[in-house]
Amino acid sequence: MCGIAGIVNAHDGAPPEEADLWRMLGMIRHRGPDEFGLYCDEHAALGSARLSIIDLSGGQQPISNEDDSLWIVFNGEIFNYVELRAELQERGHRFKTHTDTEVILHLYEELGVHCLQRLNGQFAIAIWDNRQRTLFLARDRLGVRPLFYARSRDTLLFGSEVKALLAEGRLAAEIDPAVLRQIFTFWNPLSSRTVFRGIFEVPPGHYLVASKGNIEVIRYWEIDFVSEKVGTVYDHTLGGAEENLAEELVSLLTDAARLRLRADVPVGGYLSGGLDSSIIASIARKLAGNAFNTFSITFEDKKFDESQHQLLMARFLGTKHHVVHAAHADIGRVFPEVIWHAETALMRTAPAPMFLLSKLGPR
């Protein structure tokens, strides 16, 4: 997890204040405690709070292209960056780092907004073109990584969390009653709204282009629920269809796990004791070897506790297993902090145990 933030002037106003960007980054320092980085020019300021996962020593953001006309800050992981890097090097691109961040930048140089179709990963991307004075924001297909923006007069603010935008000083934290009704109905705001009036999210599967005062939000991906293949794949008359589908599922899961294990730091997985997390942990353990860590939550309330299933699976896999116990008092104690991080009204306490678990690391 990293954090990004930025300020872009639509017209020829005063240059963004570096101090404003520092305040924005300060509010999301918990997302990236390893490094802070800034880029500032007369029209834009971009910043990053970095949690180092790939290229620990050389991957400080913001990162530029060869002629310093494009600058990127990025939160996320591009799982196929190794393959993309090789393609880009063959096409003559020169790299200064070994990060997936720089791969995105050179792919954008090559393909523009269509680079998103080549990315396998979860991401919130901001690229500033200082020649065209254009900002490109993009969010992954399912919205795993957050990305918010707001307009204040002639200035566009963006960041990984709403609190970063509020820290800049121009925006007021006002609840939007219409969105509050949405939350009580659907548990969440309807995209692209947030519970804060005037602050929006880049919706999952969309990108935003801001240029000289104009802002355009465009969908680049959506789920295709209707497929011509559906009727034939599940046709029992084909014979062996279920076996073929099972083999394909195992192959896809194995490839997905293999790509996600690419890191220069230890990698682990959540283990609830259920079927899905057990399958993923089993595949990852086989690929990663003895270094794989698993993490579980146990509960004071026996109705929710699945510790016996978790321990059984962890012992079977031989992982380095870590457990956090969530008592009722613990959930109540951290819930205000969970709200502060969630930045929305919550209709249940389930995020609190996950928050406790996220604090647990290998010891």
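The values are calculated or read from the model by the stated rules, or taken from the named source; none is laboratory data. Quick caveat, the model's predicted, so the values are computed rather than measured. In this analysis, Cβ positions are derived from the backbone assuming ideal geometry, glycine residues included, and neighbour counts consider all displayed protein chains.
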In region 2-26, residue surrounded by the fewest Cβ atoms within 10 Å (Cβ to Cβ) [restricted to those that are among the hydrophobic types (A, V, I, L, M, F, W, C) and more than 25 Å from Asp100 (Cα to Cα)]: Ala14
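Looking at Leu287, Leu253, Leu249, can you tell me which residue is out of contact with any strand residue (DSSP E or B) (no Cβ under 6 Å at 6 or more places or on another chain), touching a residue at least 24 places away in the same chain (Cβ under 8 Å) and either outside the structural domain of Thr319 (by TED's automatic domain parsing) or basic (Lys, Arg) (or both)?
Being out of contact with any strand residue (DSSP E or B) (no Cβ under 6 Å at 6 or more places or on another chain), touching a residue at least 24 places away in the same chain (Cβ under 8 Å) and either outside the structural domain of Thr319 (by TED's automatic domain parsing) or basic (Lys, Arg) (or both) holds for just one of Leu287, Leu253, Leu249, which is Leu253.
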Only one of Arg91, Arg118 that is of a type in the set (Lys, Arg) and closer than 28 Å to Glu201 by Cβ: Arg118
Qualifying residue in region 8-27 (condition: in contact (Cβ under 8 Å) with a residue 60 or more places away in the chain and among the aromatic types (Phe, Trp, Tyr)): no
Qualifying residue in region 121-141 (condition: part of a helix (DSSP H, G or I) and either within 17 Å of the chain's Cα centre (by Cα) or without any contact (Cβ under 8 Å) to a residue 40 or more places away in the chain (or both)): no
Which numbered condition Gln117 fails, given (1) among the polar types (S, T, N, Q); (2) closer than 20 Å to Leu25 by Cβ; (3) surrounded by fewer than 21 Cβ atoms within 10 Å (Cβ to Cβ); (4) at pLDDT 95 or above: (2)
Condition met for Arg315 (closer than 25 Å to Ser282 by Cβ, without any contact (Cβ under 8 Å) to a residue 60 or more places away in the chain and loosely packed, with under 14 Cβ neighbours inside 10 Å): yes
Given (1) out of contact with any Gly (no Cβ under 9 Å at 6 or more places or on another chain); (2) part of a loop (DSSP other than H, G, I, E, B), number of the condition Ser278 does not satisfy: (2)
Boolean, Pro33 is farther than 18 Å from Arg260 by Cα and at pLDDT 95 or above: no
Boolean, Gly274 is exposed (fewer than 13 other Cβ atoms within 10 Å of the Cβ), out of contact with any strand residue (DSSP E or B) (no Cβ under 6 Å at 6 or more places or on another chain), over 27 Å from Thr99 (Cβ atoms) and not aliphatic (A, V, I, L, M): yes
